[in-house]
Amino acid sequence: MKIIVGMSGGVDSSTVAALLKSQGHEVIGVSMALWRPDAPYKGGDNTGCYGPNDAVAKETARQICDQLGIPFYAFDCSHQYEEKIIGYFRSEYLAGRTPNPCVRCNAAMKFGMLPEMARQAGIQYDCFATGHYARIEKSPDGRMQLLRATDTIKDQSYFLCRLSQEQLSRQLFPLGAMTKEEVRDLARSFGLAVADKHDSQDFYTGDISELIGEDDQIGDIVDAETGKVLGKHTGYWKYTIGQRKGLGVASTQPLYVTEIRPCKNQVVLGKHEVVMHHQLDADQMNWVSIPGLDAPRECLLKARSVQKPVPCLLTPTGPDTVHAEFPQGICGVAPGQAAVFYDNDILLGGGYIIQAKA
């Protein structure tokens, strides 16, 4: 087969390219340039997915392709990324919500714009492959199902909850059944210089206020029960629901962000029981492995990428809205984050959290 591989200069995508070539496929490396050279952001320590190290990462990807003897193409997507991802990131925080740029980027950019730009450039291919830790299987009715990776610690299916059937039908995840150490061992066997390269952990490691682009706005930090002013903040967008550290408020017991009030420029703090949620509503549901839901269904829920799935009862409330109840509770369910639902390892679908309830 003729396969394009989305390459980032990291060990995972590099190993995918080497593995597919070793299997006899015709492989082409493709990559996106996301960072604008004239961007007004600093980028932190350059270990994030988005940052000024973008050019270095692309050069590393090019070197890997040269080593493997395969073509490499890089496409400038910086202006589209600014509009589709940074613009979304900014507007969500200013609305008092917690955005999930990686979920949005995967659907719109990595699995959407990148393969489409390759096709527009005249690159013909059968499949698109990436180094994501996830699996794809075809159900008996022909529908493409997205599954969690065998290595549940490295599983990235949560971030793929917005992918469409069309995207999954041409997609390959060659690392889905491997552990990270197995991937690194494979990279060493191929002689790849990136075999021991550290993973990018965060979307952006700089000060997110750079991306928000707003001057500091002094406001009150208030108590959830009494309304008493506990301290001051310099921008409500610097906080997220469930946050415990870096609050700048002294207390004899742990306090958490329970609510963000943009209109009042307030950040609300409360005790653990106040931020423990047992229900949520989500909209913009994207059904992945099933065509939809027309009756309540017991399944598993992840309300954050690092959270372990918890049992829940999922009920459809409209064409693309659902209500979920989870008796054991989740701390700090944040509006704006993705709520992703599973049947064991099968990802049923995912939407965006509208609100959480006790």
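Every number here is computed from the coordinates shown, using simple stated rules; none is lab data. Quantities reported herein were computed from a predicted structural model and do not represent experimental measurements. Cβ placement follows ideal geometry from the backbone for every residue including glycine, while neighbour counts extend to all protein chains displayed.
What full-extension length gain, to one decimal in nm, is calculated for residue 232 and residue 210 as 0.36 nm per residue of separation minus the Cα-Cα distance?
That pair, residue 232 and residue 210, stretches by 5.9 nm at full extension.
For the chain, what's the relative contact order in percent, using C-alpha pairs closer than 8 Å and at least 6 residues apart?
17 percent.
What full-extension length gain, to one decimal in nm, is calculated for residue 261 and residue 328 as 0.36 nm per residue of separation minus the Cα-Cα distance?
21.4 nm
Calculate for the chain the 222 nm mean residue ellipticity that helices alone would give, adding -39,500 (n - 2.57) per DSSP H run of length 4 or more and normalising by residue count, nearest 500 deg cm²/dmol.
So the calculated ellipticity at 222 nm is -5500 deg cm²/dmol.
Under a crude label model (7 Å from the Cα following the beta-carbon direction), how far is residue 202 from residue 138 in nanometres?
4.3
Contact order normalised by length for the range 276-357, with contacts defined as Cα pairs under 8 Å and 6 or more residues apart; what percent is it? All intermediate terms of the calculation are to be shown ahead of the outcome.
Numbers: 199 pairs, mean separation 36.1, N = 82.
Rounded, it is 44 percent for the range 276-357.
May I ask for the distance between the Cα centers of the range 20-55 and the range 213-248, given as a whole number of Å?
When both Cα centres are located, 34 Å separates them.
With the radius of gyration and the Kirkwood radius both derived from the Cα set of the range 1-104, what is their ratio Rg to Rh?
Across the range 1-104, the Cα-based Rg/Rh ratio is 1.05.
Suppose each label sits 7 Å from its Cα in the direction of the beta carbon; what would the residue 278-residue 253 distance come out to in nanometres?
So the two model labels end up 1.9 nm from each other.
If I build a Gaussian network model for the chain, linking alpha-carbon pairs within less than 10 angstrom, which residue out of 22, 14, 157 has the largest mean-square fluctuation?
Maximum among the listed residues: 22.
Work out, in µm²/s and without decimals, the Stokes-Einstein translational diffusion coefficient of the chain at 20 °C, 1.002 mPa s, Rh from Kirkwood over C-alpha pairs.
Working: Rh = 21.7 Å.
In µm²/s, the coefficient rounds to 99.
Computed FRET efficiency, Cβ-Cβ of residue 193 and residue 94, R0 41 Å: what is it to the nearest 0.05?
0.45
At R0 = 35 Å, how high is the FRET efficiency between residue 295 and residue 83 if r is their beta carbon distance? Nearest 0.05 is fine. Walk me through the intermediate numbers first.
Numbers: r = 39 Å, r/R0 = 1.11.
For residue 295 and residue 83, the calculated efficiency is 0.35.
Mind grabbing the base-10 log of I(q)/I(0) for the range 306-358 at q = 0.21, 0.24, 0.25, 0.32 Å⁻¹? Debye formula, identical points on the C-alpha positions, no solvent, two decimal places.
One equal scatterer on each Cα of the range 306-358 leads to -0.83, -1.13, -1.24, -1.80.
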